[in-house]
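Below is one structure, written out as structure tokens; comments come after it.
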Amino acid sequence: MPVPVPSAAVSVRRAVETAVAELARAGVTDPQTDAELLLAHVLQRSRGEVQAAAVRGDALENGQADAFAALTGRRAAREPLQHLTGRAPFRHLELRVGPGVFVPRPETEMVAQLAIDRLRAAASPAPIAVDLGTGSGAIALSLATEVPYAQVHAAENSADAFIWATENFAEVGAGNARLAFVDLAAAFGELDGTVTVLVSNPPYVPDAAVPRDPEVRLFDPPAALYGGEDGLDVVRTLSTVGLRLLHPGGMIVIEHADVQGEAVRHLLAADGWLGAATHRDLTLRDRATTALRPAGDQSSPIE
């Protein structure tokens with residue numbers, strides 16, 4: 001009579017194949033990647049090591065198969081992968097994330113790049129950057145680590161998100177980055193007229209819109225998603241705050257939805273900003289709009 005094979009002896013290859021099938025049925029966009037990353041998390045190895053183990057015919061042991069199956073079930077219920085692993089990659093960083101904080105997206109990496117490029121082009125030996133609504137700290141910490149001679153100030157007013165940002169600032173340990181618990185509308189008055197770059201990934205989903213992806217709709221904090229009737233309420237605030245914070249020639253960088261570029265350009269131009277331009281991400285979708293602060297007293301919008 002054959003001896004039953006314990007669940008701990010399931011091969012890595014078979015476990016991954018089973019997970020991929022389950023995630024595909026659930027509508028996960030890239031089930032192969034997610035399955036391998038979940039198993040890498042369980043095994044405390046890299047994704048490449050998981051792939052190598054599958055080729056070698058390695059087996060799971062010590063309850064690893066059960067732990068992997070449990071995580072796969074949660075991912076199939078569309079709980080974000082980053083919540084399950086507790087980590088989200090962003091540029092060269094790996095950030096702590098979880099419930100209560102917006103998970104940074106790959107498309108936001110180009111938003112950070114626009115701000116980084118402007119900082120690097122600045123004539124000042126110590127340019128100042130401000131990230132308003134920093135969330136996990138992804139943009140601010142990218143600026144601070146990739147432009148180490150810049151001074152970076154980040155603001156967040158969600159208590160849950162601030163906890164995650166605090167952990168990330170401590171872990172990255174960038175001495176040129178400062179995190180403050182403050183509403184973005186009133187942030188950093190002591191910096192008025194001195195900032196080279198203001199960057200933000202604000203909430204920009206219209207209140208009546210329903211995000212398509214369950215990961216967004218069910219798990220991202222609403223305060224990080226919804227921006228009023230047209231989605232641009234916080235963008236209007238950023239425009240006003242930017243005129244206060246930036247020095248003449250300083251740049252504002254605002255992420256937005258791919259259909260909002262024209263509206264954001266018009267909003268900024270109406271407030272007196274110069275050279276408003278919308279930039280595409282790697283998927284060729286409009287992703288961010290930049291503009292320059294003009295010279296003169298721009299503490300309030302131009303009439």
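With respect to the conditions (1) in a loop (DSSP other than H, G, I, E, B); (2) touching a Ser or Thr at 6+ places or on another chain (Cβ under 9 Å), residue 164 falls short on a single one, namely (1). Of all the residues in the stretch 180-214, those that are assigned to a loop (DSSP other than H, G, I, E, B), among the acidic types (Asp, Glu) and closer than 20 Å to residue 126 by Cα number 1.
Would you say residue 142 is part of a loop (DSSP other than H, G, I, E, B), surrounded by 20 or more Cβ atoms within 10 Å (Cβ to Cβ) and of a type in the set (Ser, Thr, Tyr)? Answer is no for this residue. Given 250, 228, which one is touching a helix residue (DSSP H, G or I) at 6+ places or on another chain (Cβ under 9 Å), surrounded by fewer than 19 Cβ atoms within 10 Å (Cβ to Cβ) and of a type in the set (Gly, Ala, Ser)? So the residue among 250, 228 that is touching a helix residue (DSSP H, G or I) at 6+ places or on another chain (Cβ under 9 Å), surrounded by fewer than 19 Cβ atoms within 10 Å (Cβ to Cβ) and of a type in the set (Gly, Ala, Ser) is 228. Of all residue pairs spaced 6 or more apart or on separate chains, those with beta-carbon atoms under 9 Å, a first member in the stretch 275-298 that is without any contact (Cβ under 8 Å) to a residue 60 or more places away in the chain and a second member that is in a loop (DSSP other than H, G, I, E, B) and small (Gly, Ala, Ser) are 286/257; 293/272; 294/272; 296/272; 298/272.
Just so you know, all these numbers are worked out from the coordinates, no wet-lab data involved. What you are looking at is a predicted structure, and each value in this text was computed from that prediction instead of being measured. Using ideal geometry, Cβ is built from the backbone for each residue, glycine included, and neighbour counts are taken over all protein chains shown.
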